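**Student:** One structure, as structure tokens, below. Some questions next.
The values are calculated or read from the model by the stated rules, or taken from the named source; none is laboratory data. Just so you know, these numbers come straight off a predicted model, no measurement behind them. Positions of Cβ are generated from backbone atoms using ideal geometry, with glycine treated the same way; all protein chains shown enter the neighbour counts. Just the protein is used for accessible areas: all its heavy atoms, side chains included, with ligands, DNA and RNA removed. Shrake-Rupley method; radii C 1.70, N 1.55, O 1.52, S 1.80 Å.
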Amino acid sequence: MSEYIPSPSEWVANQVELYESSGGTKGNTLMATGMPVIIVTNRGHKTGAIRKTPLMRVTDGDNYILVASKGGTPENPAWYYNLKADPDVEIRDKTEVTKMRVREVVDPAERERVWNIAVNTFPNYQKYQENTDRLIPVFLAEPVE
Ligand code: F42
């Protein structure tokens, strides 16, 4: 078992702690918005450590759409590079934990389709895109058979 290293961002680490320690019954929304959040567990590509990242819950059938927005900062989040290096993740959606594999959606038509789902689910993603010059990366997470 690898070591789990919590996020250095305190509010993020606190959300993960509450979400996981309650078995998914608490801390499963984005603060005041009440919008649902999932937890992605993956491996750090340099440290090999376990990382846990809360993201907005955006679904596409049985799949999840992961949006590497980081609030529209100029740089991609660290987890983007971790997922590119090792696409095997676990996704906790409230009480359910599922093994999944992610792939970045690069085909323009497919990206537009999943981006539109993401923005319909969480409209702030559109603002985040307007605030940054990078094209915000999007992953599709699919259950591992
Ligand atoms: N972020 C999003 O991008 N999209 C969302 O939809 C989203 C929703 C959301 C909901 C609730 C919530 O609490 C947070 C939410 N966030 C969302 C924020 C998200 O959880 C992340 O905090 C944010 O995207 C930033 O991700 P990050 O991976 O850049 O996190 C930073 C703070 C971080 O953990 N940095 C570490 C550090 O030590 O500085 C790096 C950790 C790491 O992955 N290290 C790698 C390793 O090998 O272990 C090496 C990294 C490298 O390349 O050097």
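**Student:** Quick check on region 48-92: of everything there that is in a strand (DSSP E or B) and basic (Lys, Arg), which residue is nearest to GLU142 (Cα to Cα)?
**Tutor:** Per the criteria, the residue is ARG92.
**Student:** Okay, next question. Among the numbered criteria (1) surrounded by fewer than 16 Cβ atoms within 10 Å (Cβ to Cβ); (2) within 21 Å of ASN14 (Cα to Cα), which one does GLU112 miss?
**Tutor:** For GLU112, the exception is condition (2).
**Student:** Which one of these is in contact with a Pro (Cβ under 9 Å, 6 or more places away or on another chain) and either farther than 23 Å from LYS46 by Cβ or of a type in the set (Val, Ile, Thr) (or both): ASP133, ASP107?
**Tutor:** Result: ASP133 is the single residue among ASP133, ASP107 that is in contact with a Pro (Cβ under 9 Å, 6 or more places away or on another chain) and either farther than 23 Å from LYS46 by Cβ or of a type in the set (Val, Ile, Thr) (or both).
**Student:** Please verify whether region 93-101 includes one or more residues that are assigned to a helix (DSSP H, G or I), at pLDDT 95 or above, of a type outside the set (Gly, Ala, Ser) and crowded, with 16+ Cβ neighbours inside 10 Å.
**Tutor:** no
**Student:** Residues to consider are ALA141, ALA118; find the one that is open to solvent by less than 50 Å² (accessible area, probe 1.4 Å), within 27 Å of GLY27 (Cα to Cα) and not in a strand (DSSP E or B).
**Tutor:** Only one candidate qualifies: ALA118.
**Student:** Additional query: May I ask you to list the residues in region 48-72 that are surrounded by fewer than 16 Cβ atoms within 10 Å (Cβ to Cβ) and within 6 Å of the ligand (Cβ to nearest atom)?
**Tutor:** ALA49, the sole residue that qualifies.
**Student:** Looking only at region 4-47, filter to residues that are among the β-branched types (Val, Ile, Thr) and assigned to a loop (DSSP other than H, G, I, E, B); which one of those is least open to solvent (accessible area, probe 1.4 Å)?
**Tutor:** My answer is ILE5.
**Student:** Which one of these is over 12 Å from the mean Cα position of the chain (by Cα) and polar (S, T, N, Q): THR98, THR53?
**Tutor:** From the options THR98, THR53, the qualifying one is THR98.
**Student:** Search region 73-92 for residues being more than 8 Å from the ligand (Cβ to nearest atom) and aliphatic (A, V, I, L, M), and hand back the single one that is surrounded by the most Cβ atoms within 10 Å (Cβ to Cβ).
**Tutor:** It comes out as LEU83.
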